[in-house]
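The values are calculated or read from the model by the stated rules, or taken from the named source; none is laboratory data. All values derive from a computational prediction rather than experimental measurement. Please note: Cβ atoms are built from the backbone with ideal geometry, for glycine as well, and neighbour counts cover all protein chains shown. Just the protein is used for accessible areas: all its heavy atoms, side chains included, with ligands, DNA and RNA removed. Shrake-Rupley method; radii C 1.70, N 1.55, O 1.52, S 1.80 Å.
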Amino acid sequence: MTRVWSGAALIVFAVAAVWWAPAPAFIAIAELVLVLACREYAGLVTPKGATLPFPFWCAAAALTCAAVAVPSPYVPHTVALLLATLIGGGAIAVFRWHGEDALAAVAVSTFATLYLGLPLGVLVLVRDQQGASGLFLLVVTVMVSDTAQYYTGRALGRCPLAPDISPKKTVEGAIGGVVAGSLAFAVLAGFWLDRPAWSFGVRIGLGATLVAAGIIGDLFESMLKRRAGVKDSSSLIPGHGGVLDRIDALLFAAPVYFIALTYL
């Protein structure tokens, strides 16, 4: 019952944030989610004796998120922040090095800006450019896919999808998620996106691509948890794990969605 109530609260919060939060508030929500996700990510991947302090690379990811969330004329600022993160991380590693694996520390810390900062910034940018309905379309697609994967996998699952990473995920579940998510995207995009040139077939193809990206994102986070030997990224959300557990699919699906909206 706890899982049901916390899940319902998450849905209500997501709907309210996407549809009704003013732009500054929505950016603030994205940054809060980012900080929480960074903390969980740090717990999963930080090497023993890491030389890079958490506040440094969390701030770098947060600044990257904010830079991406600003309209396209400010993209150079994002590039500058990424380069500054790389150089700053290298400098800190050099002056704090005491024999530990500094390269691993720099790698996992810098990766946070790509894995967390950029996708969350892209979500804000999509909302700014496409409106709440354009962003909510992606959120609903991922939610429908996740639900379909779960129930299809339970009913029909026989072949493991990635047994070394997530033993409970099955090929049949993934197929169910792709079918349901693609159909949801194709139908709802006709109402929520101003893309008259996108035929139903194009929308089906894009929906399948978004779902596939989300599945990879889910498995990627599962790989991090498997490496760390934990079931959830944290216990922040009762019955649902941590923030990273809830946004893992969106982190991979959001960039694909943004690229499609930009170039198709």
Vicinal HN-Hα couplings computed from phi for the stretch 25-42 (Karplus, 6.51 cos²θ - 1.76 cosθ + 1.60; Hz; Gly/Pro x): 5, 5, 4, 4, 5, 4, 5, 5, 4, 4, 4, 5, 5, 4, 4, 5, 4, 4
The chain, relative contact order in percent, only Cα pairs under 8 angstrom and at least six apart counted: 21 percent
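Counting only heavy atoms of the protein chains, get the accessible area per residue of the chain (1.4 Å probe) and round it to a whole Å² value.
Roughly 50 Å² per residue, with all protein chains present.
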Amide H contacts under 5 Å for VAL230, placed H, 5+ residues apart: none
J(HN,Hα) series, the stretch 159-170, from Karplus relation 6.51 cos²θ - 1.76 cosθ + 1.60, nearest Hz, glycine and proline x: 9, x, 7, 8, x, 6, 9, 9, x, 7, 7, 10
Eligible aspartates and glutamates near LYS225 by straight Cα distance, threshold 13 Å, same-chain separation 8 or greater: GLU40, ASP164, ASP245, ASP248
Dipole magnitude (debye, nearest 20) for the stretch 188-254, charges at Cβ of Lys, Arg, Asp, Glu: 120 debye
In order through the stretch 134-145: 3J(HN,Hα) via Karplus (6.51 cos²θ - 1.76 cosθ + 1.60), integer Hz, x for Gly, Pro: x, 6, 5, 4, 5, 4, 5, 4, 5, 5, 4, 4
Within the accessible area of the chain (1.4 Å probe), percent carbon and sulfur: 72 percent
Cut-off 14 Å between beta-carbons: net charge of the residues surrounding LEU188, Lys and Arg +1, Asp and Glu -1: +1
Distance (nanometres) between label positions extended 7 Å along Cα→Cβ at THR147 and LEU103: 4.7 nm
Neighbour-limited loop hits for trypsin sites (Lys or Arg not before Pro), the stretch 107-194 (at most 10 other Cβ within 10 Å; DSSP other than H, G, I, E, B): ARG158
Among (1) 16.9; (2) 14.5; (3) 16.0, the entry that matches mean projected area of the Cα convex hull in nm² as calculated here: (2)
At most 16 other Cβ within 10 Å, DSSP loop - trypsin sites (Lys or Arg not before Pro), the stretch 217-257: LYS231
